[in-house]
Amino acid sequence: MRRFLTDRARRAVAASLRGATRPAAPSPAPAAALSRPSPSAPSAMAAYMARAMSTSAAGTPPVSLDTINPKVLEFKYAVRGEIVTHAQNLEQELHKNPESLPFDEILYCNIGNPHSLGQQPVTFFREVLSLCDHPALLDKSETHALYSSDAIERAWQILEKIPGRATGAYSHSQGVKGLRDEIAAGIAARDGFHASGDNIFLTDGASPAVHMMMQLLIRSEKDGILCPLPQYPLYSASIALHGGSFVPYFLDEETGWGLEVDELKKQVDEARSKGITVRALVVINPGNPTGQVLAEENQKKIVEFCKNEGLVLLADEVYQENIYVEDKQFHSFKKIARSMGYTDDDLPLVSFQSVSKGYYGECGKRGGYMEVTGFNADVREQIYKVASVNLCSNISGQILSSLIMNPPKVGDESYESFMVERDGIISSLARRAKALEEAFNSLEGITCNKAEGAMYLFPRLHLPQKAIGAAQAAGAAPDAYYALRLLQATGIVVVPGSGFGQAPGTYHFRCTILPQEDKIPAIISRFKEFHEKFMDEFRDVSRDEAPTGATIESGGD
């Protein structure tokens, strides 16, 4: 087609030049859009050629799947993939005709979006935000009757840090300096080691920070990033978009999704044998989608591995407040590295945090940050340049990021009520996780590790061969087929494990623990009814391949 258009344009030019050597025969005036210019006007001739070619190609869309960036086509993001799109269509159908489906609502268990499922905002945080966004309230006498005194005081302190006290203005590209200092103070209090606001880059949630680091580290497909499987698909997607190579390492489901350094070494060596330069290791702790919490000794081995292999450690720590078991606690990788005696000169380390998770769950406010340590001044300048392209992150998200790292303290008016809210959310999440875990493990063909942290369970499906065959006949991954059938029968939305990556021959799904506690019994009931019917429908006649509810307990790291 392109060759045809080029030839046509050439013939048009040749004809126009021939016309310049002899008088043109009288003819009807051509359409204005293609009126032939004088040969003495080169620019007009070029414009004419362009119009001729574009007119000829009018039937071809200027943008199609054949002409967009192939990297966009390559990556997938299952958390908001086809299952969720289908769920949204069903939701619209329910609004039009409430009696049309065998359920009365869609239950979105696919994504960590707490407020959408009924979790209430933390009062202190919202009080401070509202006062910062409408400072005139601070001058009204009635404000003292409506707001806690420490929220009022904190709002004044924050506004003093923001140039012009303007939350609607751009800030420094790393974020407001005073807010970064507040965050650094919170990190130092958490870890017991010094932190600097100069190392903080405030971002619109943790995801842009991950993208920034991928932009920095990936030069070509010969650069690889070591990532867990299962993994949060942000990582595979961002690596694909930036043209790098995804280097997987498998978490061990049999030991509670353990992260083994021997597995890391094996995958790095294999990647290097293929000519890939492994640049960084991604660790998600607590795990998403797997919910494990790393032990301190395991973290020390990981830090040592990165030091010995010359890797940047990318620590996704957005679920640091979501710990549900008494025998585990969160330790930041920076704390681990400093406790081992490593300084900025020894290990490049980037830690990610977000206001979207934890007990706060402020996903829509888009706040987060990365703490960047161990990079020299020249590289830090380039990181700042990348950050400056986006001008700055939103100011409400910046304020929230400072608040979650510096919440009310003992003696503050809001402290007791804040702790009631915080502990109430965390303890409720722990109960929901336990109820769902026990329900899954009670069913034929499902085994589920304990949720030690984060916001998800990642049960394994032991599907009958007939179900696997039906999925293959439908052109779907077996766990995607299961998730679609679950949605159509119950309105429950989960994400197939194939969207996160999993060991070959295994099938899973990710389910959040976020629906409100009073809805969990109904979800369990719906799920059990569906699953039992599904297993009966596809039960193998010759033998029963599926183990029944054998809980895989967390083992050592």
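The values are calculated or read from the model by the stated rules, or taken from the named source; none is laboratory data. What you see is a predicted model; the values in this text were computed from it and never measured. Glycine gets a Cβ as well: all are built from the backbone with ideal geometry, and neighbour counts include every protein chain shown. In case anyone asks, the SASA skips ligands and DNA or RNA and just uses the protein heavy atoms, side chains included. Shrake-Rupley method; radii C 1.70, N 1.55, O 1.52, S 1.80 Å.
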First measure r as the distance between the Cβ atoms of residue 105 and residue 296, then evaluate 1/(1 + (r/R0)^6) with R0 = 41 Å and state the FRET efficiency to the nearest 0.05. 0.45
Give, rounded to the nearest 20 debye, the magnitude of the charge dipole that the chain has about its Cα centre when Lys and Arg contribute +1 at Cβ and Asp and Glu contribute -1 at Cβ. 3520 debye
Contact order normalised by length for region 167-403, with contacts defined as Cα pairs under 8 Å and 6 or more residues apart; what percent is it? 27 percent
Mind checking which lysines have their Cα closer than 29 Å to the Cα of residue 274? Skip sequence neighbours fewer than 8 apart in that chain. 71, 76, 222, 265, 266, 300, 301, 307
Accessible-area value, residue 419, 1.4 Å probe, nucleic acids and ligands omitted, Å²: 50 Å²
Can you give me the angle between helix 123-133 and the longest principal axis of the chain, using Cα atoms only, in degrees from 0 to 90, rounded to the nearest 10? 40 degrees
For residue 296 the rounded accessible area (nearest 10 Å², probe 1.4 Å, non-protein molecules ignored) is 70 Å²
Acute angle (nearest 10 degrees) that the helix 395-404 long axis makes with the longest principal axis of the chain, alpha-carbon atoms: 20 degrees
How many times 2.2 N^0.38 Å is the alpha carbon radius of gyration of the chain? 1.18
Surface per residue (accessible, 1.4 Å probe) for the chain, Å²: 45 Å²
Could you tell me how many degrees, from 0 to 90 and to the nearest 10, lie between the Cα long axis of helix 296-309 and the main elongation axis, the longest principal axis, of the Cα atoms of the chain? 40 degrees
With a 1.4 angstrom probe the carbon and sulfur portion of accessible area for the chain, in percent, totals 53 percent
What figure, in Å² to the nearest 10, do you get for the accessible area of residue 401 with a 1.4 Å probe and non-protein molecules left out? 0 Å²
Explain nothing, just the number: relative contact order of the chain, from Cα pairs under 8 Å at least 6 residues apart, as a whole percent. 19 percent
Hey, if you put +1 on the Cβ of every Lys and Arg and -1 on every Asp and Glu Cβ in the chain, which of 507, 351, 202 ends up farthest toward the positive end of that dipole? 202
Note, ³J(HN,Hα) from phi for region 243-253, Karplus 6.51, -1.76, 1.60, rounded to Hz, x at Gly and Pro: x, x, 10, 7, 10, x, 10, 8, 7, 8, 4
Suppose every K and R has +1 on its Cβ and every D and E has -1 on its Cβ; what is the size of the dipole of region 179-299 about the Cα centre, in Debye to the nearest 20? 540 debye
So who's got an amide H within less than 5 Å of the one on residue 367, skipping anything under 5 residues away but keeping other chains? H placed 1.01 Å off N, in plane. 205, 355, 356
For residue 447, other-chain or 5+-apart residues with amide H closer than 5 Å (H placed, Pro excluded) are 460, 462
For region 239-383, with +1 on Lys and Arg beta carbons and -1 on Asp and Glu, the positive-most of 330, 278, 239 along the dipole: 239
Under a 5 Å amide H to amide H cut-off, with H placed in plane at 1.01 Å, what residues pair with residue 406 once short-range neighbours are removed? none
Among the DSSP beta bridges whose two residues both lie in region 314-441, what percent are antiparallel, rounded to the nearest 5? 65 percent
With the contact rule set at Cα under 8 Å and sequence spacing of 6 or more, what percent relative contact order holds for region 427-533? 30 percent
Would you list 339, 196 from the most to the least accessible area, probe 1.4 Å? 339, 196
Given a Förster distance of 45 angstrom, what is the FRET efficiency for residue 144 paired with residue 518, based on the Cβ-Cβ distance and rounded to 0.05? 0.80
Ranking by accessible area, most exposed first, for 156, 257 with a 1.4 Å probe: 156, 257
Among 430, 169, 60, flag the residue with its Cα farthest along the positive direction of the charge dipole of the chain, charges on Cβ as +1 for Lys/Arg and -1 for Asp/Glu. 60
Going 7 Å from the Cα of residue 435 toward and past its Cβ, which residues in region 116-138 have a backbone nitrogen under 13 Å from where you end up? none
222 nm [θ] for the chain, helices only, -39500 (n - 2.57) per DSSP H run of 4+, per residue, to 500? -13500 deg cm²/dmol
Kirkwood calc, region 167-403, C-alpha pairs only, radius in angstrom 17.9 Å
From the protein chains alone at 1.4 Å, what is the descending order of accessible area for 294, 216, largest first? 216, 294
